[in-house]
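Following: one structure in structure tokens, then a few remarks.
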Amino acid sequence: MTNKLKYFIGNWKMFGDFNSLKIISKINNFSYIHRKACRKKIVICVPNLLIHYFNNKLKSKHISLGAQNCHHNDGDGAFTGGTNASMLKKAGSEYVILGHSENRSAGETNSIIKKKIFSALNNNLNVIFCIGETLKEKKKKRTFYVLKKQIKDSLPKKYDINKIIIAYEPVWSIGTNKLPKMNDLKKTIQFIKKEYKKIFRTKIDPKVLYGGSVNNKNIHLFSMIYQIDGFLIGGASRSSKKFIDILKNYYK
Ligand code: PGA
């Protein structure tokens with residue numbers, strides 16, 4: 001069993017309601033009971049309207065809550081339907097997912113994502129920055145080019161490295177039950193860490209998670225790649241049992 005800190009981050013997407021407090025409470029209890037067993041950080045990113053509610057209802061918090069996006073405007077403004085980073089922070093969010101492929105495919109560009117990251121950091125949120133290639137890009141062998149560009153064009157040059165976590169999510173793997181070959185995944189994670197250090201002229205390794213169809217049945221495959229610093233989990237994070245089983249099976 002590894003002693004390195006690992007992240008288990010849930011992305012509920014547009015699912016959940018006030019009754020979902022049951023799910024959050026079970027995960028929170030599990031985290032408390034196993035607080036000494038392994039070095040882990042659990043974050044659940046929920047729809048915005050649930051952040052404040054969950055935050056208030058959990059008497060003692062052993063997990064963190066996060067949001068799934070924020071507006072790029074750093075502050076208030078005439079943006080109907082928008083939610084800025086400061087609002088998320090005040091609601092009790094500690095993390096925010098930015099650059100998710102579902103938002104990129106709806107028109108989010110690297111430069112918009114850069115503004116969002118800047119605003120999130122400005123408001124003291126931790127950023128889960130998603131990068132990943134599409135199937136077409138993978139087939140054209142452009143994966144490394146795409147990943148490098150996403151990192152270069154979206155991450156601000158000067159910031160606290162501890163506030164950003166990169167999540168490598170191959171777009172073709174999200175919600176499809178298709179996984180990368182473990183050897184390819186290991187090389188990609190190594191590439192991301194190496195390129196990041198080159199781009200930002202640092203010796204510090206960034207945290208890099210894997211996301212895409214992670215579940216309680218396949219998690220053991222990933223535990224062999226020690227370079228992976230954790231997981232961004234979509235579908236399987238909406239069931240407390242499935243999410244907890246992922247943790248149990250990872251540390252088996
Ligand atoms: P998935 O989603 O685990 O359902 O594939 C991952 C994500 O979208 O972050």
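The values are calculated or read from the model by the stated rules, or taken from the named source; none is laboratory data. As the structure is a computational prediction, the values presented were derived from the model and not from experiment. For neighbour counting, all protein chains shown are included, and Cβ atoms are generated from backbone atoms with ideal geometry for every residue, glycine included. Accessible surface areas use protein heavy atoms only, side chains included; no ligands, DNA or RNA. Shrake-Rupley method; radii C 1.70, N 1.55, O 1.52, S 1.80 Å.
Failed condition for residue 157, given (1) touching a residue at least 40 places away in the same chain (Cβ under 8 Å); (2) surrounded by 14 or more Cβ atoms within 10 Å (Cβ to Cβ); (3) basic (Lys, Arg), with all others met?
Evaluating residue 157 over (1) touching a residue at least 40 places away in the same chain (Cβ under 8 Å); (2) surrounded by 14 or more Cβ atoms within 10 Å (Cβ to Cβ); (3) basic (Lys, Arg) leaves (2) as the failure.
May I ask you to list the residues in segment 139-158 that are among the aliphatic types (A, V, I, L, M) and either on the phi > 0 side of the Ramachandran plot or more than 18 Å from the chain's Cα centre (by Cα) (or both)?
146
So is residue 222 over 19 Å from residue 170 (Cα atoms), within 14 Å of the ligand (Cβ to nearest atom), under 17 Å from the mean Cα position of the chain (by Cα) and open to solvent by less than 80 Å² (accessible area, probe 1.4 Å) or not?
no
Only one residue in 64, 93, 111, 60 is open to solvent by 40 Å² or more (accessible area, probe 1.4 Å), under 24 Å from residue 31 (Cβ atoms) and of a type in the set (Gly, Ala, Ser), so which one is that?
Answer to the check: 60.
For segment 3-21, which positions are within 15 Å of the chain's Cα centre (by Cα) and either assigned to a strand (DSSP E or B) or closer than 19 Å to residue 60 by Cα (or both)?
6, 7, 8, 9, 10, 11
Please determine whether any residue of segment 120-128 is over 19 Å from residue 71 (Cα atoms) and of a type in the set (A, V, I, L, M, F, W, C).
No, the conditions are met nowhere in segment 120-128.
Residues of segment 90-114 being within 18 Å of the chain's Cα centre (by Cα) and more than 30 Å from residue 178 (Cα to Cα), which ones?
92, 93, 94
Based on what the data block shows, is residue 217 part of a loop (DSSP other than H, G, I, E, B), within 28 Å of residue 44 (Cα to Cα) and either within 16 Å of the ligand (Cβ to nearest atom) or of a type in the set (Lys, Arg) (or both)?
For residue 217, the condition - part of a loop (DSSP other than H, G, I, E, B), within 28 Å of residue 44 (Cα to Cα) and either within 16 Å of the ligand (Cβ to nearest atom) or of a type in the set (Lys, Arg) (or both) - is met.
Hey, any hits in segment 23-32 for a residue that's on the phi > 0 side of the Ramachandran plot and either of a type in the set (S, T, N, Q) or under 18 Å from the mean Cα position of the chain (by Cα) (or both)?
Within segment 23-32, none of the residues are on the phi > 0 side of the Ramachandran plot and either of a type in the set (S, T, N, Q) or under 18 Å from the mean Cα position of the chain (by Cα) (or both).
Output the number of the condition that residue 136 fails; it satisfies all remaining conditions of (1) at positive phi; (2) open to solvent by 80 Å² or more (accessible area, probe 1.4 Å); (3) modelled with pLDDT of 95 or more.
The number of the failed condition is (1).
Pull out all pairs, ordered by first then second residue, where Cβ-Cβ is under 6 Å, the residues are six or more apart or on different chains, the first lies in segment 161-176 and is in contact (Cβ under 8 Å) with a residue 12 or more places away in the chain and under 17 Å from residue 145 (Cβ atoms), and the second is more than 13 Å from the ligand (Cβ to nearest atom) and open to solvent by 30 Å² or more (accessible area, probe 1.4 Å).
Cβ pairs passing all conditions: 171/134; 172/135.
Using the structure shown, decide if residue 81 is more than 21 Å from the chain's Cα centre (by Cα) and modelled with pLDDT under 95.
So residue 81 fails the test.
Could you count how many residues in segment 153-190 are assigned to a loop (DSSP other than H, G, I, E, B), of a type outside the set (Asp, Glu) and within 16 Å of the ligand (Cβ to nearest atom)?
Result for segment 153-190: 8.
Taking the options 209, 247, name whichever one is more than 14 Å from the ligand (Cβ to nearest atom) and surrounded by 19 or more Cβ atoms within 10 Å (Cβ to Cβ).
247
From the list 198, 193, pick out the single residue that is part of a helix (DSSP H, G or I), free of Cβ contacts under 8 Å to residues at least 12 places away in the same chain and away from the ligand (no atom under 12 Å from the Cβ).
198
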